[in-house]
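In what follows, a single structure is set out as structure tokens and then discussed.
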Amino acid sequence: MSQGAFTRMEVAISARGLVKNYREGGLLRRRTEVRALDGLSFEVGYGKVFALLGPNGAGKTTTVRIISTLLLPDEGEVTVAGFNALRSPRKVRERIGVVLDPDKGHFLRLTALENLTFYGTLQGLSRSEARSRASALLGEMGLNGSENRMVEGFSKGMRARLAICRALIHDPEVLIFDEPTSGLDPISAREVRAKLRELGREGKSVLVTTHNLWEAESVSDEVAVVNRGKVVAAGPPQEVKRAFGLKWYVELEVEGRLRPEELPWMAEVAVSERGILTLKIAVDADPAELIPAIVSELRSRSLTVHSVTVREPTLEEAFVRAVSGAGR
Amino acid sequence: MLRALAVVIEADLKTLLRTGELPLMLLMLGSFQFLFFAIGSVLRKEEQLFFQLTGYGDSVLYQIAGMPILFLSIGMSWAIGQFVIELGRGGKLEQLQTTATDFRVVIAGRFIVMAIMSLLYYLAITVPFIQIRAGPEVLSHFLPALLVLMLGFVPIFLFAVVVSVVMLLARTEALIDLVSSIVYTFTGVAYPITVFPAVVQTLASLLPQTILAETVRNIVLLGVLEPARLIPFIAVALGYGVFSYLLYSKLEYSVRRGGRYEVVTE
């Protein structure tokens with residue numbers, strides 16, 4: 001078994017110890033070095049949707065560009081679909097679909113169909129294969145009425161959908177999206193997110209960068225939080241949240257007489273103007289199994305429970321902790 | 001690769017036609033050539049002196065026969081360099097670099113489009129003007145001239161690649177203007193270079209435009225095709241081929257290392 005085949009079975013994307021410095025300045029300005037990546041490592045399994053999260057300047061786009069074969073790192077190794085992205089870029093390019101900026105990369109004076117046929121042929125499809133696949137993809141992405149319109153007349157949302165079609169034109173096994181919903185209206189962004197989820201269900205390996213934590217949580221199987229060129233937390237969103245010791249909260253609205261000291265496990269008690277008590281309980285894990293016992297306990301004390309609300313910890317909280325360096 | 005080349009040519013031709021720049025460019029170049037023709041025909045000139053300097057008896061025909069090489073050269077440098085700059089600005093360069101096709105195929109497609117345009121220009125504008133001025137006896141000269149012109153596309157394209165790569169490495173568009181001035185003045189496409197000192201003439205002979213202009217002129221105006229003239233053609237083409245390959249590899253590495261696909265900013 002070749003090395004490539006062995007890696008292929010393991011992971012779709014592997015980045016190990018990536019270091020990248022950008023040199024700025026020149027003849028008339030002082031030369032400075034900016035460290036964009038500082039030993040960044042992560043792996044994306046086959047058939048997984050993986051989100052890279054991080055604040056501006058964390059190194060997400062640099063990582064995506066290295067994996068897409070557009071940029072060479074100073075140190076480190078990258079394999080994509082079993083091939084070394086630094087030494088065999090062409091083999092990697094045959095197996096990836098990339099959306100770097102959903103608004104860019106289109107030939108504005110060509111129609112949507114012509115754009116996709118163009119890129120499909122460059123990816124090795126025959127002209128007729130590229131055209132038929134382009135038509136099908138335009139239909140899937142809701143652009144079937146616009147296939148013969150020049151792209152210069154397209155809205156930003158339409159261009160973003162066309163960019164996804166372009167990435168999918170040769171049916172690649174690995175897809176890379178850099179901020180795919182950036183600058184889109186909510187409806188277009190929702191459509192793009194739906195497509196990402198669909199690709200995950202179809203078994204594609206997807207790497208996506210995003211600022212939107214809710215988006216990362218809703219579309220991805222795994223996330224990596226990147227800060228200052230390093231991965232500071234990684235794993236399934238639930239695990240990342242758990243790793244930072246974040247609490248779940250159960251909020252109950254109850255009516256009746258209660259002294260807080262009667263229930264020492266209660267984190268917080270507030271009384272509304274109507275005399276309704278709001279009780280807040282903090283727990284370490286999903287409280288679904290605890291709720292019946294809590295409600296039963298409150299009823300046994302002659303309290304009427306009006307409502308129960310569970311608030312799970314958000315990825316945003318984990319992200320803030322990871323980026324601010326708060327301990328796990 | 002041929003499939004990719006065909007689709008690049010098709011996309012480039014469609015874009016050129018849809019922008020409306022192509023007819024305007026042909027009109028402008030045609031007008032330019034007409035002005036040379038009209039002014040040259042009206043003005044009295046020292047044709048005897050011109051013959052002594054160049055070996056050609058008609059200065060108007062001399063310029064008309066050289067003009068396509070000037071336009072071809074400027075057009076090719078502009079087309080390759082500007083093309084890459086425009087691709088970079090629109091995010092297309094990065095997108096193309098993520099495809100399985102080598103970017104040199106895209107550049108080759110651009111070259112073929114420019115070659116087609118140049119041939120059209122030669123047949124539609126240069127040939128009629130020369131025939132009007134020189135009479136029907138030169139008609140038989142055009143086919144061999146056309147073949148040599150097509151052969152000359154190769155070194156001129158490689159020269160354009162060198163100019164474009166240097167421009168992209170230096171990150172300035174002004175280089176094209178400088179090269180256009182040098183080609184116009186020192187390669188004999190419009191004026192005889194025999195008026196310059198020997199050292200300038202020697203340097204000019206390293207430029208493919210000089211060799212091509214003189215060879216095409218010899219065929220069109222004098223009906224002379226010396227096979228020996230093809231040797232410098234091949235030598236210059238090989239030289240520029242090696243040089244452009246090395247420079248292109250350096251540019252590709254530099255862009256991948258620095259990540260600057262928007263090679264020349266607005």
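Values quoted throughout were computed directly from the atomic coordinates according to the rules given, and no laboratory measurement underlies them. What you see is a predicted model; the values in this text were computed from it and never measured. Reconstructed Cβ throughout: ideal geometry from the backbone, glycine too, with neighbour counts over all protein chains shown.
Debye calculation, C-alpha points only, no solvent: report log10 I(q)/I(0) for the stretch A:247-312 at q = 0.14, 0.24 Å⁻¹, in the same order as the q values.
-0.36, -1.10
When the scattering of chain A is computed by the Debye formula from its Cα atoms alone, each counted once and equally, what is log10 I(q)/I(0) at q = 0.10, 0.14 Å⁻¹?
The calculated log intensity ratios at q = 0.10, 0.14 Å⁻¹ are -0.70, -1.07.
How well do other chains shield peptide A:106-113, expressed as the mean number of their Cβ atoms within 10 Å of each residue Cβ? Mind dumping the intermediate values first?
Values: counts 4, 8, 5, 7, 5, 1, 0, 0.
Going residue by residue through A:106-113 and averaging, the value is 4.
What FRET efficiency, computed as 1/(1 + (r/R0)^6) with R0 = 51 Å and r the Cβ-Cβ distance, is obtained for B:Leu123 and A:Arg16, rounded to the nearest 0.05?
0.30
Expressed as a rounded percentage, what relative contact order does chain A have, with Cα pairs under 8 Å and six or more residues apart? Don't skip to the end; give the middle numbers.
Working: 641 pairs, mean separation 62.1, N = 328.
In percent, rounded to a whole number, it is 19.
In whole Å, how far is the Cα centre of the stretch A:113-185 from that of the stretch B:21-43?
Cα centroid of the stretch A:113-185 versus Cα centroid of the stretch B:21-43: 43 Å apart.
Between A:Glu202 and A:Glu316, what's the calculated FRET efficiency when r is the beta-carbon distance and R0 is 35 Å? Round to 0.05.
With a Förster radius of 35 Å, E is 0.75.
What nm distance separates the two modelled labels at A:Gln238 and A:Ser155, each placed 7 Å from Cα along Cα→Cβ?
Distance between the two pseudo-spin positions: 3.7 nm.
Give the percent of DSSP beta bridges with both residues in the protein assembly as shown that are antiparallel, rounded to the nearest 5.
70
Please go through the stretch A:98-173 and write out the GluC sites (Glu not before Pro) that DSSP classes as loop and that have at most 11 other C-beta atoms within 10 Å.
Passing sites in the stretch A:98-173 do not exist.
Would you mind classifying the stretch A:42-141 by shape? Square roots of the alpha carbon gyration tensor eigenvalues, ordered a ≥ b ≥ c; an a/c under 1.5 is rounded, otherwise it is prolate if a/b is larger than b/c and oblate if not.
Prolate shape, in that a/c is at least 1.5 and a/b is the bigger ratio.
Between B:Glu137 and B:Val224, how many nm apart are label points set 7 Å from Cα along the C-beta direction?
1.6
Taking a quarter of the surface of the Cα convex hull of the protein assembly as shown, what do you get in nm²?
37.8
Roughly how many debye, to the nearest 20, is the charge dipole of the protein assembly as shown about its Cα centre, given +1 on each Lys and Arg Cβ, -1 on each Asp and Glu Cβ, and no other charges? Intermediate results must be reported in sequence, preceding the final value.
Numbers: 63 positive and 60 negative charges, 143 e Å.
In total the dipole reaches around 680 debye.
Grab the beta carbon distance between B:Thr194 and A:Tyr249, set R0 = 56 Å, and tell me the FRET efficiency rounded to 0.05.
So, using R0 = 56 Å, E works out to roughly 0.05.
Can you pull the one-decimal nm distance between simple spin-label points at A:Glu262 and A:Ser132, each 7 Å off the Cα toward Cβ?
7.4
For q = 0.07, 0.09, 0.14, 0.15 Å⁻¹, what log10 I(q)/I(0) does chain B give under the Debye formula with an equal point scatterer on each alpha carbon and no solvent?
So the normalised log intensities work out to -0.26, -0.43, -1.00, -1.13.
In debye, nearest 20: dipole of chain B around its Cα centre with unit charges on the Cβ of K, R (+) and D, E (-)?
Working: 17 positive and 17 negative charges, 89 e Å.
It works out to roughly 420 debye.
Could you tell me which of the pairs A:Lys20/A:Lys204; A:Lys60/A:Lys104; A:Lys91/B:Lys92; A:Lys156/A:Lys230; B:Lys14/B:Lys92; A:Lys104/B:Lys14 are separated by over 22 angstrom between their Cα atoms in the structure shown?
Distance filter (> 22 Å) returns A:Lys20/A:Lys204; A:Lys156/A:Lys230.
Which whole number gives the average count of other chain Cβ atoms within 10 Å of the Cβ atoms across peptide A:14-23?
Taking all residues of A:14-23 together, the mean is 1.
Springs between alpha-carbon pairs under 10 angstrom, Gaussian network model over chain A: which of A:Pro313, A:Pro102, A:Pro180 fluctuates most?
Judging by the Gaussian network model, the answer is A:Pro313.
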